[in-house]
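The values are calculated or read from the model by the stated rules, or taken from the named source; none is laboratory data. All figures in this text were calculated on a predicted structure; none of them were measured in a lab. All Cβ positions, glycine included, derive from the backbone under ideal geometry; neighbour counts span all protein chains shown. Just the protein is used for accessible areas: all its heavy atoms, side chains included, with ligands, DNA and RNA removed. Shrake-Rupley method; radii C 1.70, N 1.55, O 1.52, S 1.80 Å.
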Amino acid sequence: MPMTTPITQDVLTIPRKLPVSARTNIVGLTRPALREALIAAGTPEKQAKMRLGQLWQWVYHWGVRDFALMTNLAKDYRALLAEHFTIDLPEIVTRQISEDGTRKYLVRIAGGHEVEVVYIPETDRGTLCISSQVGCTLTCSFCHTGTQKLVRNLTAAEIVGQVMMARDDLDEWPVPGAPKEEVRLISNIVLMGMGEPLYNFDNVRDAMQIVMDGEGIALGRRRITLSTSGVVPEIARTATEIGCQLAVSFHATTDEVRDVLVPINKRWNIATLLEALKAYPGLSNSERITFEYVMLDGVNDTKEDAHRLVKLLEGIPAKVNLIPFNEWPGAPYKRSSGNRIHAFADIIYKAGYASPIRTPRGEDIMAACGQLKSATERARKSKARIEAEAGLV
Ligand code: SAH
Ligand code: SF4
């Protein structure tokens, strides 16, 4: 592996002057961390387990934000909680609703950074696409997020917070006494927004554990999909430490082309990536890996590509998700024609793999895959603001 490789997981850390708060945000603390925090705040150790359970339900099952409303806790204990803790979510800056019902939220997190979250309603499910980083350190040439330099990892609080914030907006917290909805508005979560989740593994894992917890938001692990560009050394942990579904941004069938489209390929090439996928713990026909494949006109969309892809997939329980390229201003590619995409899908399908073509959603509000990026001016403004806050200018 050449040492000069341009791929880095180093996150450009911009010093931030955050509001000084003596209180700890409960959101994003795992059960053990919250237990510790409760004890440190003065909860007797013997009561800690029970208090943790009660608080957890209020915050993650009922969506309550005010300690005063936690009626099964004694008044003085509620006061103690309010003195030591907050229940803070990222703030919605704007919300756009597409003609097709897709919602795109621009969300402000601590330090003035912004990320995007997209909600995609379908007849039998609703998918929330969340971000794991502000921008992305990787530079996939077809991805709008990759052109945004401003980067920091989101905290676990900011990742769980995106889910809670969307539940607020969709009014999806349970109502006491009301029957449970058969299909949830947010029935699935995909880590396919801004950022490379495997470069922020610990926070993503903690956040997903909170989202999956049966006494809270309780989304099943099979309803969560993490998409990676191919950070090989972290792939197995997705199964062992989170247990969610895996998607891989594959996008090319030769190293030559993948080096250009997904430059992390220069560090971990197709053969290395496939080896890691073949060894993926728990891989089975019922838990297949999704291969995402963006269809770029004249770049990766020939019949030969489709046949090569089939060969590469040999021995891996897989499905192929074909994504018609979503254009963005200044993008160097065009979307493949419908005929090309269908011909490609056919070859994959006849070889025995599901090969759905993803319908672009929310294009009119730039909410489709790979279109997410805080507008340049906005990113610049927030960078200036952040630098000002940090006393750098
Ligand atoms: N960083 C992760 C997850 C975010 S990207 C990853 O790369 O997997 C989510 C998916 O959208 C990826 O498969 C990505 O390759 C795809 N994507 C990015 N830009 C796109 C575009 N302009 N059109 C269609 N899909 C795109
Ligand atoms: Fe980052 Fe994924 Fe976009 Fe590549 S496709 S630049 S890894 S967000």
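If I go through the range 175-186 residue by residue, how many of them are over 24 Å from the mean Cα position of the chain (by Cα) and under 17 Å from R223 (Cβ atoms)? Outline the logic, then answer.
Going through the range 175-186, the residues over 24 Å from the mean Cα position of the chain (by Cα) turn out to be 175-182.
Next, from what is left, pick out any that are under 17 Å from R223 (Cβ atoms): 180-182.
Here the count works out to 3.
Taking residues in the range 280-305 that are at pLDDT below 95, and partners anywhere that are open to solvent by 60 Å² or more (accessible area, probe 1.4 Å), the pairs with Cβ atoms closer than 6 Å and at least 6 places apart or on different chains are P281/T240.
Of all residues in the range 312-338, those that are over 16 Å from V248 (Cβ atoms) have Cβ atoms under 6 Å from Cβ atoms of residues that are open to solvent by 20 Å² or more (accessible area, probe 1.4 Å) and acidic (D, E), 6 or more apart or on another chain, in K334/D297; S336/D297.
Return a yes/no flag: does the range 241-256 have any residue that is open to solvent by 30 Å² or more (accessible area, probe 1.4 Å), at pLDDT 95 or above and small (G, A, S). No. The set of residues from the range 217-231 being open to solvent by 10 Å² or more (accessible area, probe 1.4 Å) and away from ligand 1 (no atom under 13 Å from the Cβ) comprises A218, G220, R221, R222, R223.
Only a single item in (1) at pLDDT below 95; (2) away from ligand 2 (no atom under 14 Å from the Cβ) is not met by G193, and it is number (2).
Of the residues making up the range 152-203, those that are away from ligand 1 (no atom under 16 Å from the Cβ), small (G, A, S) and in contact (Cβ under 8 Å) with a residue 40 or more places away in the chain number 5. Annotation: of all residues in the range 139-190 being out of contact with any Gly (no Cβ under 9 Å at 6 or more places or on another chain) and assigned to a strand (DSSP E or B), the one that is nearest to ligand 2 (Cβ to nearest atom) is V190.
Any idea which residue in the range 127-150 is farthest from V262 (Cα to Cα), counting only those that are β-branched (V, I, T) and surrounded by 23 or more Cβ atoms within 10 Å (Cβ to Cβ)? It would help to see each step written out before you state the result.
Start the filter on the range 127-150 by keeping residues that are β-branched (V, I, T), which leaves 127, 130, 134, 137, 139, 145, 147.
Filter once more, so that each one left must be surrounded by 23 or more Cβ atoms within 10 Å (Cβ to Cβ): 130, 134, 145.
On the way: I130: 21, V134: 19, T145: 13 Å.
Residue satisfying both the conditions and the ranking: I130.
Just for the range 9-40: of the residues that are open to solvent by less than 50 Å² (accessible area, probe 1.4 Å) and part of a loop (DSSP other than H, G, I, E, B), which one is modelled with the lowest pLDDT?
Going residue by residue through the range 9-40, those that are open to solvent by less than 50 Å² (accessible area, probe 1.4 Å) are 11, 14, 25-30, 33-34, 37-39.
Next cut, part of a loop (DSSP other than H, G, I, E, B) only: 11, 14, 26-30.
Details: V11: 54, I14: 49, I26: 97, V27: 98, G28: 98, L29: 98, T30: 98.
Among those residues, the one meeting the criterion is I14.
For every residue, the table says whether it meets (1) open to solvent by 40 Å² or more (accessible area, probe 1.4 Å); (2) in contact (Cβ under 8 Å) with a residue 24 or more places away in the chain; (3) not in a helix (DSSP H, G or I).
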| site | (1), (2), (3) |
| --- | --- |
| G42 | yes, yes, yes |
| M50 | yes, no, no |
| Q54 | no, no, no |
| V59 | no, yes, no |
| G63 | no, yes, yes |
| T71 | yes, no, yes |
| D76 | yes, no, no |
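Residues in the range 221-264 that are within 14 Å of ligand 2 (Cβ to nearest atom), part of a helix (DSSP H, G or I) and over 21 Å from the mean Cα position of the chain (by Cα): R258, D259, V260. For the range 320-346, filtering for residues that are in a helix (DSSP H, G or I) and surrounded by fewer than 18 Cβ atoms within 10 Å (Cβ to Cβ) leaves 5. For the range 233-240, state whether one or more residues are open to solvent by less than 40 Å² (accessible area, probe 1.4 Å) and closer than 19 Å to L322 by Cβ. No, because not a single residue in the range 233-240 is open to solvent by less than 40 Å² (accessible area, probe 1.4 Å) and closer than 19 Å to L322 by Cβ. Quick check on the range 300-319: of everything there that is among the charged types (D, E, K, R) and in a loop (DSSP other than H, G, I, E, B), which residue is least open to solvent (accessible area, probe 1.4 Å)? Of everything passing the filter in the range 300-319, D301 is least open to solvent (accessible area, probe 1.4 Å).
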